[in-house]
Each structure stands twice: as C-alpha cells, then as structure tokens.
Amino acid sequence: MDTQKVMCPSARCREGAVLIGVVMSDGRVAYTADRLEITAEFVETAKQGRSPEKRFRFASPCVKNGCSQWTGSRCGVIDKVSEDAAPVLAGAPAADLPECSIRSECRWFMQLGGEACQACPLVITDLLTEAA
Ligand code: SF4
C-alpha cells in the first residue's frame, strides 16, 4: 500500500489531521465513527486548553523513516503498547472492535489486526511522546 494512504493513529494536532477519538475521564479513548478532518480553527482552540494530544487522538499519514518510532519495517509504538496492555486485557471479555473511521488505512491495524484495536483505546499520544 502506498505510504500516503497509511495513517498513523497517534499523530499531532495539526490542520488537516483526522480526529479519531476523544480521551474520556477514565483515560480510555472513545472513537468517532465519522471521519472528521480538523481545521486551523480547531487547532487554535484546542491549544488553548491542556495539550490537545492528552484530550484527543488524531491521525495523519505515516511517515515511516521520518518518525523516531519506525523500526525500519514497522511502527514500534503499537508493538510496545500491545505488549504492555496484554496483562490489562487478559481475562477481559473479548470486546467488539471500536467503530473507527480510519481502520482500512491504519498502520497499527495493518500490523496487528484486531489486537491493535483492543490496545488502542489505552493510548494517549502526549504520554507516549513524553515516555519516548
Ligand atoms: S488500531 Fe484500530 S481502533 Fe486504533 S486507530 Fe487503528 S483501526 Fe482504529
């Protein structure tokens, strides 16, 4: 698949990015079923509060080697998140995959399938960046 069509689901809040979810009070992400491209106005408003990447999840094209998380052949983020989340998810009833507007283009889904979607709601982009 062409790189331009593969989306990173843990992107920065920038004009043109796709809003894929909102971080709820329990720290999990609730996904937006509709594809919503964010505007410059949204970015400006969102940056007036706490870091937008702590409150929302955004997607934008995966840049592969342009990203420090790219291992050379895959995204290191979801492999690590999935491994870390395994104890949390173990024993939990199998959940339906969240309705997500980018699944057909999602880098993480391409790598791990539904396993990625089980761990994905636990990801808060700003915390990931701080830990990297
Ligand atoms: S991993 Fe699954 S839920 Fe998360 S953004 Fe990709 S397709 Fe959507």
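FYI, it's all coordinate maths here, none of it is from the lab. Source: prediction; values computed, not measured. So basically every Cβ, Gly included, is an ideal-geometry build from the backbone, and we count neighbours across all protein chains shown.
For region 76-89, backbone phi angles converted through the Karplus equation (6.51, -1.76, 1.60; θ = phi - 60°) give residue-by-residue couplings of x, 4, 6, 4, 5, 4, 5, 5, 5, 7, 3, x, 5, 7 Hz, Gly and Pro being listed as x. Once divided by 2.2 N^0.38 Å, the Cα radius of gyration of the chain becomes 1.00.
Note on the chain: with charges restricted to the Cβ of Lys and Arg (+1) and Asp and Glu (-1), its dipole about the Cα centre is near 220 debye. Note that region 32-46 has calculated 3J(HN,Hα) couplings of 9, 6, 8, 7, 10, 7, 8, 9, 4, 5, 4, 4, 4, 5, 4 Hz, one per residue in order, obtained from phi through the Karplus relation 6.51 cos²θ - 1.76 cosθ + 1.60 (θ = phi - 60°); glycine and proline are x. Put simply, the amide H of residue 20, placed in the peptide plane, has neighbours under 5 Å in 57, 58, 59, leaving out anything fewer than 5 places away on its chain.
Taking θ as phi - 60° and the Karplus parameters 6.51, -1.76 and 1.60, the scalar couplings of region 96-113 work out to 5, 5, x, 5, 9, 7, 10, 3, 5, 10, 6, 4, 5, 5, 4, 7, 10, x Hz in sequence order, x denoting glycine and proline.
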